[in-house]
Structures are given as C-alpha cells and as structure tokens.
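Okay, structure first, notes after.
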Amino acid sequence: MWINVMGKEKVGNTVHAMRIEREMTQEALAGAVGVSRQTIIAVEKGNYVPSVLLALKIAKQFKTSLEKIFFIQ
C-alpha cells in the first residue's frame, strides 16, 4: 500500500505480505507489537504511517530490516 506524504513522496509497506508469509494473523501481530488489530489493518491498507517505534517493533517481530518493510518512493 502507498500513502502520500508531503507532496509526491509516498510510504509503502510489505506488512501484509510479510504477515501472510509467516502465517500470522493481524491479531497476533498486533499483540506482539502492542497495538490494536485495527492499527495493523490501517497500516496494511496504507491508511496509517506508523511511528518510528511501531515500525521498528514490526521489523523486529519479522526479524528483518526496517527497509524491507517500509520504503519511500
């Protein structure tokens, strides 16, 4: 998903794909990183750009770099 941030730059993410690849539910990911399932839904849909703290927690949960999950184009 993409979110338009400050003009032409957009933030994309692979949270949904990473979660599905690991056979993890939205609820399980939410619990692991300390947010609601609705927050995970919003991130996956591209309706919400997470804080740096939440983005780092998601990357840590998936045991991968932040750049493999969140990116600017």
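The values are calculated or read from the model by the stated rules, or taken from the named source; none is laboratory data. From a predicted model like this one, the values you see are computed outputs, not experimental measurements. Backbone-built Cβ (ideal geometry, glycine too); neighbour counts: all protein chains shown.
Looking at the stretch 52-73 only, could you name the residues that are under 10 Å from the mean Cα position of the chain (by Cα) and either outside any helix (DSSP H, G or I) or not charged (D, E, K, R) (or both)? Matches in the stretch 52-73: 54, 55, 56, 58, 59, 66, 69, 70. Residues that are modelled with pLDDT of 95 or more and over 10 Å from the mean Cα position of the chain (by Cα) within the stretch 30-50 comprise 30, 31, 32, 33, 34, 35, 36, 37, 38, listed in sequence order.
Yes/no matrix, rows are residues, columns are (1) surrounded by 12 or more Cβ atoms within 10 Å (Cβ to Cβ); (2) out of contact with any Pro (no Cβ under 9 Å at 6 or more places or on another chain); (3) closer than 18 Å to residue 72 by Cβ; (4) among the basic types (Lys, Arg):
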{"position": "28", "(1), (2), (3), (4)": "yes, yes, no, no"}
{"position": "37", "(1), (2), (3), (4)": "yes, yes, no, yes"}
{"position": "48", "(1), (2), (3), (4)": "yes, yes, yes, no"}
{"position": "54", "(1), (2), (3), (4)": "yes, yes, yes, no"}
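Please state which one of 20, 69 is surrounded by 14 or more Cβ atoms within 10 Å (Cβ to Cβ) and either among the small types (Gly, Ala, Ser) or at negative phi (or both).
Working: 20 fails: surrounded by 14 or more Cβ atoms within 10 Å (Cβ to Cβ).
Testing whether each residue is surrounded by 14 or more Cβ atoms within 10 Å (Cβ to Cβ) and either among the small types (Gly, Ala, Ser) or at negative phi (or both) leaves just 69.
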